[in-house]
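Trainee: This is the structure I have questions about; it appears just below.
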Amino acid sequence: MPDLLTHALVAYILAAVVAQSDRIQDRYVSVAMVGAVAPDAMKLSVLLNHSVGHIAGIPYSTWGVHTLGGVLVLAGLGALTIRVGDRFVAGAALAAGGASHLFLDAFVIRVDGVAPPYLFPFSGWLPPAANLYASTDVWPAAVALSVAVPVWLCRRRRGRRSE
């Protein structure tokens, strides 16, 4: 699952840089990472479609989770699980992580050369796919890991200095 690892690492890198500038607290770095993997919750539909969907006989689709509207809904629901004083920042961190996920997915190779409508429900535009890598390629995860390790080391050094 190099694709899922890449999403989590890129969200870590972005949130850690923002936390380094003291714009958000360090605890929201992991919240952004959760937001980055949340759009892939739609992949659970494969399992649910073959079990719950057929048993209940109710047709459904989860494609909207992997769009900007879905990311915002998931971020809002996730923010509701946080204490009231931290909801705005936590929701923003979840949404930013999800947005980074959608941004990275715009570079995945598509057979028809067109990316899905990531801006739904705000726009039905089908952006051209960048066709840079396949979701099964390992090199994006390796690149993200090679950037995440130095960022982690810098954050760790910073934490020791502040003690």
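The values are calculated or read from the model by the stated rules, or taken from the named source; none is laboratory data. Quantities reported herein were computed from a predicted structural model and do not represent experimental measurements. Glycine also receives a Cβ, built like all others from the backbone with ideal geometry; neighbour counts cover every protein chain displayed.
Trainee: Using the structure shown, decide if Ala41 is in a helix (DSSP H, G or I), of a type outside the set (S, T, N, Q) and surrounded by 14 or more Cβ atoms within 10 Å (Cβ to Cβ).
Mentor: No.
Trainee: Between a residue in the stretch 79-103 that is part of a helix (DSSP H, G or I) and any residue that is surrounded by 20 or more Cβ atoms within 10 Å (Cβ to Cβ) and aromatic (Phe, Trp, Tyr), which pairs come within a Cβ distance under 8 Å, given they are 6 or more apart or on different chains?
Mentor: Listed pairs, sorted by first residue: Val89/Tyr28; Ala90/Tyr28; Ala93/Tyr28; Leu102/Tyr118.
Trainee: Before we move on, is Phe120 among the hydrophobic types (A, V, I, L, M, F, W, C), under 16 Å from Met42 (Cβ atoms) and out of contact with any His (no Cβ under 6 Å at 6 or more places or on another chain)?
Mentor: Answer is yes for this residue.
Trainee: Could you please give the count of residues in the stretch 132-158 that are without any contact (Cβ under 8 Å) to a residue 60 or more places away in the chain and hydroxyl-bearing (Ser, Thr, Tyr)?
Mentor: 2
Trainee: In the stretch 111-147, which residue that is in contact with a Phe, Trp or Tyr (Cβ under 8 Å, 6 or more places away or on another chain) and outside any loop (DSSP other than H, G, I, E, B) is farthest from Tyr12 (Cα to Cα)?
Mentor: Tyr133
Trainee: Any idea which residue in the stretch 9-28 is surrounded by the fewest Cβ atoms within 10 Å (Cβ to Cβ), counting only those that are among the small types (Gly, Ala, Ser) and under 17 Å from the mean Cα position of the chain (by Cα)?
Mentor: Top of the filtered list is Ala16.
Trainee: Among the residues that make up the stretch 82-90, is at least one of them at pLDDT 75 or above, of a type in the set (Asp, Glu) and in contact with a Leu (Cβ under 8 Å, 6 or more places away or on another chain)?
Mentor: no
Trainee: Could you identify the single residue in Ala75, Ala142 that is small (Gly, Ala, Ser) and over 16 Å from the mean Cα position of the chain (by Cα)?
Mentor: Being small (Gly, Ala, Ser) and over 16 Å from the mean Cα position of the chain (by Cα) holds for just one of Ala75, Ala142, which is Ala142.
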